[in-house]
Amino acid sequence: MRVVLMGPPGAGKGTQAARIAARLGIPQLSTGDMLRAAVAAGTQIGRKAKAVMESGGLVPDDVVVAVVASRIAEADASGGFILDGFPRTRAQAEALNAMLAAAGLGLDVVVELAVDEGALLDRITVRAEEARGRGEPPRKDDDPTILRARLNAYRSETAQLVKYYEETGLLKRVDGLAPIDAVTTHVARVIGA
Ligand code: AMP
């Protein structure tokens, strides 16, 4: 099964994608995690992505599309995957369609975690506090000012994709503000897992 999980920053995509991936036995492909790993490793991709990620903007499409194309080609993704945080622009969505179509494949379902924006700042603040509580540094972009930039990027680029996937009939909407277990149950139901 090939699934896309969408939603604004702080909507719980990472948590839900991990749970659904474990349930379905397919990998969770998080472009945010892949890019953070590239930044930490100091690769060429990481060097291209670092400043824009720290400012809350979007990494250029060609960089992200190349990362996803090579990850999707790995053996563990041959039986399906759940994409978390990709696509985020119309160009990325079209590139994803093209790479899947080239292999005779397509997406099965796109899930939007719908979350009221007012709740997101609280969630990001809690996420940063939890990281500190574990003795880990919080993500640099889990900060109120940068969250604003990330929300702007979501509104100006990614929100339109919801409409695009709605038109293709692939979109399912789930209330992302419900308790975590209820969200997982609902996501699993809408994707038929
Ligand atoms: P995330 O962990 O999904 O919130 O992503 C963290 C940051 O990585 C984002 O704010 C972007 O700077 C970058 N990023 C992740 N996925 C993408 C994507 N599909 N397109 C562009 N930038 C991305």
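A short reminder: the numbers here are calculations on the coordinates, not readings from a lab. A quick note: this is a predicted structure, and the numbers were derived from the prediction, not measured. Ideal geometry is used to build each Cβ from the backbone, glycine not excepted, and the neighbour counts take in all protein chains shown.
So what's the chain giving for Rg/Rh, alpha carbon basis, Kirkwood Rh from the mean inverse pair distance?
My calculation of the ratio gives 0.94.
Within the listed set 57, 118, 79, the Gaussian network model of the chain (springs between alpha-carbon atoms below 10 Å) gives the highest mean-square fluctuation for 118. Once the C-beta distance of residue 126 and residue 148 is scaled by a Förster radius of 22 Å, the resulting FRET efficiency is 0.80 to the nearest 0.05.
Going by how many other beta carbons lie within 10 Å of each one, how would you line up 82, 26, fewest first?
Numbers: 82 29, 26 20.
Arranged by neighbour count, lowest to highest, 82, 26 become 26, 82.
How high is the relative contact order of the chain, given as a whole-number percent (alpha carbon pairs under 8 Å, six or more residues apart)? List each step's numbers first, then the result.
Details: 268 pairs, mean separation 63.7, N = 193.
Relative contact order, the chain: 33 percent.
Highest mean packing first, where packing is the average number of other Cβ atoms within 10 Å per residue, the peptides 135-142, 120-127 line up as 120-127, 135-142. For the range 107-193, applying the loop criterion from DSSP together with a ceiling of 14 other beta carbons within 10 Å to the chymotrypsin sites (Phe, Trp or Tyr not before Pro) yields no site.
Pairs of lysine in the chain with Cα under 27 Å and at least 8 positions apart or on different chains: total?
Lysine pairs meeting the criterion: 8.
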